[in-house]
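This report concerns only the one structure given below.
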Amino acid sequence: MRAPAYPGSARILDMTECLQWARYHWQRLMGSRNRDDDERPYSYSSLLACGGKSSQTPKLAGKHRVVVPHLRPFKDEYDKFSGTYVNNRIRTTKYTLLNFVPRNLFEQFHRAANLYFLFLAVLNWVPLVEAFQKEITMLPLVVVLTIIAIKDGLEDYRKYKIDKQINNLVTQVYSRKEKKYVDQCWKDVAVGDFIRLSCNEVIPADMVLLFSTDPDGICHIETSGLDGESNLKQRQVVRGYAEQDSEVDPEKFSSKIECESPNNDLNRFRGYLEHSNKERVGLSKENLLLRGCTIRNTEAVAGIVVYAGHETKAMLNNSGPRYKRSKLERRANTDVLWCVLLLVVMCLTGALGHGIWLSRYENIMFFNIPEPDGHVISPVLAGFYMFWTMIILLQVLIPISLYVSIEIVKLGQIYFIQSDVDFYNEKMDSTVQCRALNITEDLGQIQYLFSDKTGTLTENKMVFRRCSVAGFDYCHEENAKRLESYQEAISEDEDSTDTPVDSLSNMVKPRAPSCRSVHNGPLGSKCSNHLAGSCSALGSREGASEVPHSRQAAFSSPIETDVVPDTRLLDKFSQITPQLFTPLDETIPDPLLETLYIMDFFIALAICNTVVVSAPNQPRQKIGLSSLSGMPIKSLEEIKNLFQRLSVRRSSSPSLAGGKEPSPGVPNAFVSRLSLFSRMKLASPVEEETSPGSERPQGSGDSPCPPDMEKQNSDPGLPEGETAPSPGQPSTSTLCYEAESPDEAALVYAARAYQCTLRSRTPEQVVVDFAALGSLTFQLLHILPFDSVRKRMSVVVRHPLSNQVVVYTKGADSVIMELLSVASPDGASLEKQQMIIREKTQKHLDDYARRGLRTLCIAKKVMSDAEYAEWLRNHFLAETSIDHREELLLESAMRLENKLTLLGATGIEDRLQEGVPESIEALQKAGIKIWMLTGDKQETAVNIAYACKLLEAGDKLFILNTQSKDACERLMSTILKELQEKNPASPEPPSPREGLPRLPATQDSRLRAGLVITGKALEFALQESLQRQFLELTACCQAVVCCRATPLQKSEVVKLVRNHLRVMTLAIGDGANDVSMIQVADIGIGISGQEGMQAVMASDFAIAQFKHLGKLLLVHGHWCYTRLSNMILYFFYKNVELP
Amino acid sequence: MTWSATARGAHQPDNTAFTQQRLPAWQPLLSASIALPLFFCAGLAFIGLGLGLFYSSYGIKELEYDYTGNPGTGNCSACALADQDRAPPLRCSCAWYFSLPELFPGPVYLYYELTNFYQNNRRYSVSRDDTQLSGLPSALLHPANECAPYQRRASGLPIAPCGAIANSLFNDSFSLWHQRQPGGPYVEVPLDRTGIAWWTDCHVKFRNPPLVNGSLALAFQGTAPPPNWPRPVYELSPDPNNTGFINQDFVVWMRTAALPTFRKLYARIRQGNYSTGLPRGTYLVNITYNYPVRAFGGHKLIVFSNISWMGGKNPFLGIAYLVVGSLCILMGFVMLVVYIRYQDQNDEDEDAE
């Protein structure tokens, strides 16, 4: 880290905060006077705004904020608009040295227990009722207050030190005086400042990106400090600035930015940039760099600060720990209230008795002592005084110390849970995190468990398994075999941990959990920065020999990256020749059409995504056009011409090796790949004999793949079974893909296996190495990113060969199937063929889903230029509107994604996590009802449910997938009737021997039933009128699977069960779609997996794997509950019995 | 590689017996085979202890006489009648004759007992000034506020000793006479009036103020006696070692009782022929009747008692032990029955499965 910019400020830091505060302002004022006042034209109001922290009301408190550059030409304007915005100093501490004592006392007396103590102490100061020595009664209160004050003080001091550290980080801010960027502390950054950042620097404030050294105006940021997601996100320079070659000159920047007021939505930013000529440019979250993120892959960026300090999105998102009251505590609370009642009754009795007794001796001065002035107190008054005296005397009846003790005990329990070595996950170097501090004992009381599927039960490691192109299924037998062998390799790897490769990946991985806490804000990302730095150093040291893959890209373990091509598909693939694109005649024969489909299919796989390409030996250095082979590509036209020339020449000569300048290595590599492939299959000949059928017992029977296929290419002459890529093509295999979702990466890797390699991606172009066609450069016209409403994404490209505008769409099968063109313009035969393909593909899709694969459909659409221009115009309008932008964009996407032609479908396997079936079995044995709520389709969900033993083979399965409410009701009552007939005993029989634990035998004797309900039916079932019946039905079933459920439905299901059955519910999930469910449940558990940290952020406990849930609930939950309840009971015993 | 050694498992919890909750622990499982013997043993032990306590309490001899003087109860009635007027108390005396057919084994203690006297009333029990009683000269003239309204006399003189407890000092006195042979002369039995208070009380807690010119009276100059006292505190006893704040009767009285019926030690009989006890014969207790108890419905009793290893006569303790012990055994039997009955049923259940 660089030295602080001002030597003075470094000195101050050692002082107390109060002194620092004062001197800080003083120095600012002095400094601005000394240094030619154009550097920091501070108004007093702005100083107050940043110092006061609590009362920061900008002048324009309306919906929008206006940001003008913080430079002299706009000084007046700046003071008017942006001067009052908070600057970048952050202060997360609660106290200052001056207000510590009063504020801390104020905070502490918010607790009922302390208030009660205080009340008693004060009561004791009333001479008429005093019972003990005044000073002594103060003692416990003072001790408790002091201890807590010291604890709070230390905590605050720690925060203060962290704040100081962050505030004094150095960044480069443009100074007009020196006409360049100078180093400044973060805290001195103000709204409207221009900031320049280099690669791997942390962003100090939310800023709009105005410049990037990337020729395409892209900047990559890593948001792991913010949401824990380790993948890179693209940010784009504001339109109009990207085209400028030189760096944006703050002197000449005369535009004004208008954007929304600060809010905590990380995924939203709306605004526009108004140039001096009143021209407006829309701004979106793509233009915003968020505080706490790290710049990656980009040499330098510059931007203007729009939100600073506490108004940044990162800080606004910074919520404290969650506070939930546990059931046991609520129960204890009511018991304490009973104690209060008892106390009052006892005191009243005492007071009454005293009054009555005293009235008998009213005139006896012997022991009924008169007042000092000689009056005798009336018995009534004496009784009244006695009441208060009794309250002091019997104060121990109320176990006030119970609360303090419970908290301490829970801290201890959390310590034990967190230090349980069984929860440690070596791969991620993470263990369980308790985010909610006081519901540990509820873990032992869970009755219903709601689980997400993807990433929770399954690994969320997407492995390409099979695909269907143009109605033909390619089942990738060899790939399946490879996966099996990997599983063994991995388990061996785990045993031998001393190998350098393994330790390398272990070293590299801790990064993710260490930066997990958003709370630390920039600090978290700072440490990731360090680690990344050491990692890149490591990478360079190791050179290209070792590939630190785990760091380089998310979702890129070898199991996911290496795909063995299907031989049949390869054969067809090899038929792709450039002639296909020479327009011979209109009627293309069927096989050719199929080949075309295959080609389009793989192109779609390769480009229809948002994958970032990087090379591992130059970490985080994006492969752009500059680093590609020396061929200067000017325009698509040229490439096409070149290509056509070549193809004509090549078609005359049958030999493939003939003059192929653009990518000379490719054919060779292809050939070598083939031979390699044949070699690879020999890798485990023994397995080949034994394994067929064992891999997928339920599915291999009806596989359309000929079983003898494997033997075709096997070449017994090649003994060694290496999987490493041959040296002929080093660059392809070392490319790393960083994707936003694992499916995407899996598809790109699959395409790569078929020699359709994504080489580079920029916002304007995508370069794909296509086996027989060489390097194809697609002009990227538009990307419609994936969202959960549309459930699909599209890219619009100009095809380099046909020069047509082509839309490639990839999405959930149900969505794509609806968008397919009904009437094809190409004639009846084509239409018919398309229909056949569609039917076949649907069959394959159903088959895939039955095998538990995730399915995606790939489709394309060819547009005319005019159509595209028309669409683009409308889309542009939608993009620039501030209000209703989402709706307009959705509408716009709908206009584009229709009349699609189906190319094929893919099946991706989501592998089951380790230990899931055992955990589920154990939990079910413990009497916990498990529901699986997933957005996946029914077949996939049911399959996974079987695989993880949620459903057993003998279970009777009821499927509820009706389309109307009435049908749903009817079906439910039929099922219910059937179930009740099968099980003569009602599901919850009134136990004849209450109190005795129900024997498990009674459960086993009954029929096990499972219920599968789809999203549509769930919608009806959740309606008021059917809720009761639905719950009754689910009570009869051992397991419930809800598929196609939206995040909202998930939370509604949890809410329904929780509120109506009055049971303890637990929700576990890993993705953003589980957040609502996690928040609704009594206990929310997040899995800190690959899908980012949103679920963990919302959760009460975060675990690394599902299998840890068993011990967490059944061991720790049980311990916590029994121990705590015993303690509470003992406290009541001690306090009520003993005084 | 060093870096891997440090980075590896940075978050891995320590695998120690403490953090993994593997420390040896034992939790008794209260099964019938443990609980039943436990109950029987406890019951037997309690009964044994209770019997011992009860018999030693039973062996203690007590002789008490109510001399409150309610009409028709002996010759103290006259005094009681005179007392009713609540005029400045007359010097009234009465006597109690009793005869012992056999030796009353010693050492014999003479108590007085008051009933219905609520010394435990809060306002009464705090009405004293311990600093004054500890002989601090400054406190002597400035009694604590808790003593009010017995803090200062109307004349403004501070009261020494101040407070309601001191003011209500028990001021009856007794003398014991023994007639060896019928018709013979009554011989006074020597009563040991010293050593009846706790050692710490009359040597630490209660001290006289330093003498002025060798005179205790001068030391108490500037103070007034409590309103009910006929004479100042330094004249409580002619014995210079037993007067003032360290007068043993006073010290005994100042230790307030917790219950409205209480005994306080008046004297011990352990001198001369009476060290082994009171021999048989006729006795006369001469009572100087001063203390008014009929106003609050109280009684005054005179008690002769001897003690055992467990203190004075207290049958309750032994009875309590006996009751608890028998309950234990009873519960033990009940549980045994329940155990035997339901054990069989459990077996049947298991057989059925």
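Going by average Cβ neighbours within 10 Å, how do the peptides A:268-279, B:130-141 rank, with the highest at the top? Mind dumping the intermediate values first?
On the way: A:268-279: 15.2, B:130-141: 17.8.
Top of the packing list down: B:130-141, A:268-279.
With N set to the residue count of chain B, report its C-alpha Rg divided by 2.2 N^0.38 Å to two decimal places.
Details: Rg = 31.5 Å, N = 353, 2.2 N^0.38 = 20.4 Å.
Ratio of Rg to 2.2 N^0.38 Å for chain B: 1.54.
Listed here are the pairs A:427/A:572; A:840/A:860; A:810/A:840; A:327/A:929; which of them are more than 29 Å apart at the Cα?
Numbers: A:427/A:572 40 Å; A:840/A:860 17 Å; A:810/A:840 18 Å; A:327/A:929 19 Å.
Pairs exceeding the cut-off: A:427/A:572.
Say R0 is 60 Å: what FRET efficiency, to the nearest 0.05, do residue A:881 and residue A:1024 get from their beta-carbon distance? Display every interim value, and only then the final one.
Working: r = 38 Å, r/R0 = 0.63.
Once rounded, the FRET efficiency stands at 0.95.
Quick one: length gained pulling residue B:42 to residue B:181 fully straight, 0.36 nm per residue minus the C-alpha distance? Before the final figure, lay out the partial values.
Numbers: separation 139, 0.36 × 139 = 50.04 nm, distance 5.35 nm.
So the extension gain works out to 44.7 nm.
By how many nm would the segment from residue A:154 to residue A:974 lengthen if fully extended, with 0.36 nm per residue of separation less the alpha-carbon distance? Please report the intermediate quantities before stating the final value.
Details: separation 820, 0.36 × 820 = 295.20 nm, distance 6.40 nm.
Net length gain for the segment: 288.8 nm.
Order B:144-154, A:1075-1085 from most to least packed using the mean count of other Cβ atoms within 10 Å.
On the way: B:144-154: 18.0, A:1075-1085: 24.9.
Listed from highest to lowest mean packing, they are A:1075-1085, B:144-154.
With a point put 7 Å past each Cα toward its Cβ, work out how far residue B:295 is from residue A:279 in nm, to one decimal.
Distance between the two pseudo-spin positions: 11.0 nm.
Taking the convex hull of the Cα atoms, report for the range A:1052-1139 its projected area averaged over all directions, in nm². Let's see the in-between values first.
On the way: hull surface 29.0 nm².
Dividing the Cα hull surface by four gives the mean projection, 7.3 nm².
So if we plug the beta-carbon distance of residue B:26 and residue B:316 into 1/(1 + (r/R0)^6) with R0 = 60 Å, what FRET efficiency do we get, rounded to 0.05?
On the way: r = 38 Å, r/R0 = 0.63.
The value I calculate is 0.95.
So which of A:791/A:832; B:264/B:313; A:937/A:977; B:61/B:300 end up more than 23 Å apart by C-alpha? Write down the numbers at each step before the final one.
Numbers: A:791/A:832 27 Å; B:264/B:313 14 Å; A:937/A:977 27 Å; B:61/B:300 20 Å.
Distance filter (> 23 Å) returns A:791/A:832; A:937/A:977.
Which residues among the range A:105-142 fall inside the zone where the amide N is under 17 Å from a point 7 Å beyond the Cα of residue A:1134, along Cα→Cβ?
Answer for this model: A:140-141.
Take every Cα-Cα pair in the range A:852-987 and report what % of them are more than 22 Å apart.
66 percent
Among A:206, A:335, A:966, which comes first, second and so on when ranked by fewest other beta-carbon atoms within 10 Å? If you can, show how the numbers build up before the last one.
On the way: A:206 28, A:335 16, A:966 9.
Neighbour counts put them in this order, fewest first: A:966, A:335, A:206.
Ordered by packing density, taken as the mean number of other Cβ atoms within 10 Å over each peptide's residues, highest first, how do B:211-217, A:1098-1104, B:257-263, A:793-799 rank? Don't jump to the answer; show the numbers that get you there.
Values: B:211-217: 12.0, A:1098-1104: 25.0, B:257-263: 13.6, A:793-799: 21.9.
Sorting B:211-217, A:1098-1104, B:257-263, A:793-799 by mean packing, highest first, produces A:1098-1104, A:793-799, B:257-263, B:211-217.
Calculate, in nm to one decimal, what residue B:280 and residue B:198 gain on full extension: separation in residues at 0.36 nm each, minus their alpha carbon distance.
On the way: separation 82, 0.36 × 82 = 29.52 nm, distance 3.11 nm.
In short, 26.4 nm is gained.
Across peptide A:379-386, what mean number of C-beta atoms from other chains lies inside 10 Å of a residue's C-beta?
Numbers: counts 0, 0, 0, 2, 0, 0, 2, 1.
Shielding by partners across A:379-386 averages 1.
Average partner chain C-beta neighbours within 10 Å, per residue of A:417-424?
Numbers: counts 1, 3, 9, 5, 8, 3, 1, 5.
Mean shielding count: 4.
What average number of partner chain Cβ atoms lie no more than 10 Å from the Cβ of the residues making up A:368-376? All intermediate terms of the calculation are to be shown ahead of the outcome.
Values: counts 6, 17, 5, 3, 8, 2, 3, 1, 0.
Mean shielding by partner chains, rounded to a whole number: 5.
Rounded, prolate or oblate for the range A:794-932? Axes are the square roots of the Cα gyration tensor eigenvalues, ordered a ≥ b ≥ c, and the cut-off for rounded is a/c under 1.5.
Details: a/c = 3.04, a/b = 1.65, b/c = 1.85.
In terms of gyration-tensor shape, oblate.
Throughout, read-outs are computed from the coordinates displayed, never taken from laboratory work. Quantities reported herein were computed from a predicted structural model and do not represent experimental measurements. Don't worry about glycine lacking a Cβ; one is built from the backbone with ideal geometry, like all the others, and counts go over all protein chains shown.
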